[in-house]
Amino acid sequence: MSDTTSAPSPARPAAASSTTAERGEPVGPDMLSWTCPAPLRDQPRVVMGHGGGGAMSAELVEQIFTPAFGGPGPSGLTDSAAVEIGGARLAFSTDSFVVRPLFFPGGSIGDLAVNGTVNDLAMSGARAAYLSCGFILEEGVAIDVVERVARAMGAAARTAGVEVVTGDTKVVESGHGDGVFINTSGIGLIPPGVDLRPERVVPGDVVIVSGAVGVHGVAIMSVREGLEFGVEIESDCAPLGGLVEAMLAVTPDLHVLRDPTRGGLAASLNEIASASGTGIVVQERAVPVPPPVANACAVLGLDPMYVANEGKLVAFVPRAHAEQVLAAMRAHPLGADAVMIGEVVDAHPGMVVARTALGGTRVVDLPLGEQLPRIC
């Protein structure tokens, strides 16, 4: 499958309405003759946008998977589920990785496979303990490539303090895969008193991001398309369990954490606003975007707030604890550039808005699909 879908056809000009001025009725466009340039609910086939973490992904989950499986589960539609077994609260998550290229500045599909699941567990407050690993290999892929990926996974697991304890391997015919696909699932223990979920977000909460956004997506695009921006941009892929532990050491009363991967910071903020029924106001100038990323996005026509990250988190923290949590984040290597970017408000529930440098306000909507496909 290619990296991009074909460009949508422009909407057709409106046809004349069947009503006429002679009958005393207004002449207007016949809306039934219009076509929407972006596929939504009536799309009969899966397209790349369904995997992009935006509105189309949400529709696929809500309309197909959730009804089929009997509901959203005990933790709602989050990246990991909090379940109770034998009196212990566990976080459980699974993720699949289809990045291209397999190796990129700052990491590889092996690093992503470990850190992505470790981070999903961390967003429930859990420190990952064990992972499973499923490889889907395409016939013809070089064995040394598979070895490099496996070694990268092992090194990433040791760095994250997690063990890969079970797995599976399948091979598909040549032309029916893309070299290497990986699925990882993980479990971890949630500490007592920790309850991280969007429904706990309330007006007055402070929004903190742990560092620069948009780095991973731009790193992938630069090597995939052979683009040069004067400086090599490396992925921010990293395990966030230690950073989350430092934050929880200040107070277990964090309201929600999210790692803004597919769909970027914008998608995470919109999901939280929708689930909590609150509004979110972001100061656009406060969002940390490194100059190389900003320049690359300007060239590519991208918005950094919608570009994926793999080593960042966004936190919603009660105002009373915000300064202490921010200080703890900045004392950790993965949160050294943490900054407050906004707050939760009563106004415009379910909506995210950004205050611009010129004093205006713009809506930061949920992306339809994904600006950069196949990046995680």
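The values are calculated or read from the model by the stated rules, or taken from the named source; none is laboratory data. For clarity, every value in this text was computed on a predicted model and none was experimentally measured. Ideal geometry is used to build each Cβ from the backbone, glycine not excepted, and the neighbour counts take in all protein chains shown. For the accessible areas, the whole protein counts, side chains as well, though only heavy atoms, and no ligand, DNA or RNA atoms are used. Shrake-Rupley method; radii C 1.70, N 1.55, O 1.52, S 1.80 Å.
Compute, for Met48, the solvent-accessible surface of its heavy atoms (probe 1.4 Å) with the complete set of protein chains present, and express it in square angstrom to the nearest 10.
40 Å²
Sorted by packing (mean other beta-carbon atoms within 10 Å per residue), highest first, where do 101-112, 223-234 land?
Working: 101-112: 21.5, 223-234: 13.0.
Sorting 101-112, 223-234 by mean packing, highest first, produces 101-112, 223-234.
Any idea what % of Cα-Cα pairs in segment 129-178 are farther than 15 Å? Could you put the intermediate results ahead of the total?
Numbers: 638 of 1225 pairs.
Tail fraction, whole percent: 52.
To the nearest 10 square angstrom, how much accessible area does Leu60 have with a 1.4 angstrom probe?
Only protein atoms counted, so the area is about 50 Å².
How large are Rg and Dmax for segment 47-205 when calculated on the C-alpha trace, in angstrom?
Answer for segment 47-205, Rg first and Dmax second: 17.2, 55 Å.
Report the label-to-label distance for Glu245 and Ala298 in nanometres (one decimal), using points 7 Å from each Cα along the Cα→Cβ vector.
Placing both labels 7 Å beyond Cα along the Cβ direction yields 4.1 nm.
How large is ³J(HN,Hα), in whole Hz, for each residue of segment 189-199 in order, when computed from phi with the Karplus curve 6.51 cos²θ - 1.76 cosθ + 1.60 and θ = phi - 60°, using x for Gly and Pro?
Each residue's phi maps through the Karplus curve to give 8, 8, x, x, x, 8, 9, 9, 7, x, 5 Hz.
Once amide H atoms are built 1.01 Å from N in the peptide plane, which residues 5 or more positions from Gly188, or in another chain, come under 5 Å H to H?
Here the answer is Ala91, Ala129, since their amide H atoms fall under 5 Å of that of Gly188.
For segment 152-257, what is the convex hull (Cα atoms) projected area averaged across all directions, in square nanometres? Walk me through the numbers before you get to the answer.
Numbers: hull surface 44.0 nm².
Answer in nm², one decimal: 11.0.
With all protein chains present, calculate the accessible area of Ser274 using a 1.4 Å probe and round the result to the nearest 10 Å².
80 Å²
Equivalent ellipsoid semi-axes for segment 207-294, as square roots of 5 times the alpha carbon gyration tensor eigenvalues: give them largest first, rounded to whole Å.
Details: eigenvalues 147, 55, 28 Å².
Listed largest to smallest, the semi-axes of segment 207-294 are 27, 17, 12 Å.
Counting only DSSP beta bridges with both residues in segment 240-376, what percent are antiparallel, rounded to the nearest 5? Working shown, then result.
Working: 10 of 14 bridges.
DSSP beta bridges in segment 240-376 are roughly 70 percent antiparallel.
How long are the semi-axes of the equivalent ellipsoid of segment 225-376, defined as square roots of 5 times the Cα gyration tensor eigenvalues? Whole Å, largest first. Write out the running numbers ahead of the final one.
Values: eigenvalues 121, 85, 41 Å².
Listed largest to smallest, the semi-axes of segment 225-376 are 25, 21, 14 Å.
What does the accessible area per residue of segment 171-277 come to in Å², with a 1.4 Å probe and no ligands, DNA or RNA counted? Walk me through the intermediate numbers first.
Values: 3770 Å² over 107 residues.
Normalised by residue count, the accessible surface of segment 171-277 is 35 Å².
Sorted by packing (mean other beta-carbon atoms within 10 Å per residue), highest first, where do 134-142, 356-364 land? Working shown, then result.
Details: 134-142: 15.2, 356-364: 10.8.
Highest-to-lowest ranking by the protection proxy: 134-142, 356-364.
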